[in-house]
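The values are calculated or read from the model by the stated rules, or taken from the named source; none is laboratory data. None of these values were measured; they are calculated from a predicted model. Please note: Cβ atoms are built from the backbone with ideal geometry, for glycine as well, and neighbour counts cover all protein chains shown.
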């Protein structure tokens, strides 16, 4: 019904570039099927950034399970740097070569989304960041988008199915459509308060018809202590100095005894906006910046054939291990099965970021729970600069 690939299409190797199909035909005809190691790296991050959040590893392992392959790599949610191999596949080329397109797709887009979410969350510091962007992408992608937004650090997601998959409650207020259909902001807010379960925080969208300041005051007077927050979704054409508008709203609410009412902001928000608006904002709804985040440009390259290190120009041959200091978070790359220096210059002992993920086609560790992965990402974030 929709123009999307099914799980079975991906498993059957139909989602692949045609030159991998032709490579398979040639190798089979020539009876060439060598044992190789192939690694996945990012040579350069978007916009000169220095790190990324790795996601899609669990999906990649699920695609490869049941095949006579070994997979080693970093675990889901690891923050990594350029030229650090995040995953290495070992096995007969014909057992996995056809999946290069799909494997890269699983890693590139999900890691791009998680990385942008992490940057927004780090910029927001203690303020909540909610993923609002699934409406900008194909609906079939919503669970993938919001899973990785959550893993990257978002505090909530808006799509119902995505939240169910994550085991959390979906987050959302009311749309402009409700206010328009009710004919009045206060009527819409009061209907929301009357009908919707009391466990849902009362957040009023205030700028459908009115000036933000007066909309906020009207909402606060209508719901009193039951009002948790007001949301400003002011169009860019009407914003002017948005920070000043927010400060004005905050001032007027405080002056009239509504100091506990939070200010939420949405509508074209990116990490640069967050940095500018933090002074006045309590939470952000971030949409397109996360859902349409620039992908991390992973490449898959053969780095060993039949036990001999070999790689194309511009790549370093041989399998690598990546060690990271748990104190200063500096990292080093060394040949596989080679020990790093015993201690980092900061005097802490290095930890190996590479572990066995799949052994002879069997996944060694079950998927971690989304909240556990998110917590792991947030613990690491404090050690990396924006």
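A few notes on this one:
- Within segment 182-194, the set of residues being touching a helix residue (DSSP H, G or I) at 6+ places or on another chain (Cβ under 8 Å) and either within 15 Å of residue 208 (Cα to Cα) or not in a helix (DSSP H, G or I) (or both) comprises 182, 185, 186, 188, 189.
- Residue within segment 278-293 that is over 23 Å from the mean Cα position of the chain (by Cα) and at pLDDT 95 or above present: yes
- Only residues that are under 16 Å from residue 184 (Cβ atoms), surrounded by fewer than 18 Cβ atoms within 10 Å (Cβ to Cβ) and in contact (Cβ under 8 Å) with a residue 24 or more places away in the chain were counted across segment 194-209, and they come to 1.
- Residue satisfying condition, being touching a helix residue (DSSP H, G or I) at 6+ places or on another chain (Cβ under 9 Å) and either on the phi < 0 side of the Ramachandran plot or modelled with pLDDT of 95 or more (or both), within set 98, 26: 98
- Single condition residue 306 does not satisfy, out of (1) farther than 30 Å from residue 142 by Cα; (2) buried (at least 18 other Cβ atoms within 10 Å of the Cβ); (3) more than 23 Å from the chain's Cα centre (by Cα); (4) in the same structural domain as residue 37 (by TED's automatic domain parsing): (2)
- Residue among 212, 252, 271 that is in contact with a helix residue (DSSP H, G or I) (Cβ under 7 Å, 6 or more places away or on another chain), assigned by TED's automatic domain parsing to the domain that holds residue 181 and surrounded by fewer than 18 Cβ atoms within 10 Å (Cβ to Cβ): 252
- Taking (1) over 25 Å from the mean Cα position of the chain (by Cα); (2) over 30 Å from residue 373 (Cβ atoms) in turn, residue 197 satisfies each apart from (2).
- Criterion (assigned by TED's automatic domain parsing to the domain that holds residue 101, buried (at least 16 other Cβ atoms within 10 Å of the Cβ) and touching a helix residue (DSSP H, G or I) at 6+ places or on another chain (Cβ under 8 Å)) met by exactly one of 298, 242, 258: 298
- Unmet requirement for residue 172, which otherwise passes all of (1) buried (at least 23 other Cβ atoms within 10 Å of the Cβ); (2) modelled with pLDDT under 95: (1)
- Checked against the criterion of being in a helix (DSSP H, G or I), surrounded by 22 or more Cβ atoms within 10 Å (Cβ to Cβ) and outside the structural domain of residue 253 (by TED's automatic domain parsing), segment 150-160 contains one or more residues that satisfy it.
- Exactly one residue among 286, 358 is in contact with a helix residue (DSSP H, G or I) (Cβ under 7 Å, 6 or more places away or on another chain) and outside the structural domain of residue 43 (by TED's automatic domain parsing), and that residue is 286.
- The set of residues from segment 225-239 being buried (at least 20 other Cβ atoms within 10 Å of the Cβ) and over 29 Å from the mean Cα position of the chain (by Cα) comprises just one member, 227.
- The combined condition, being crowded, with 24+ Cβ neighbours inside 10 Å and farther than 22 Å from residue 310 by Cα, is fulfilled by residue 118.
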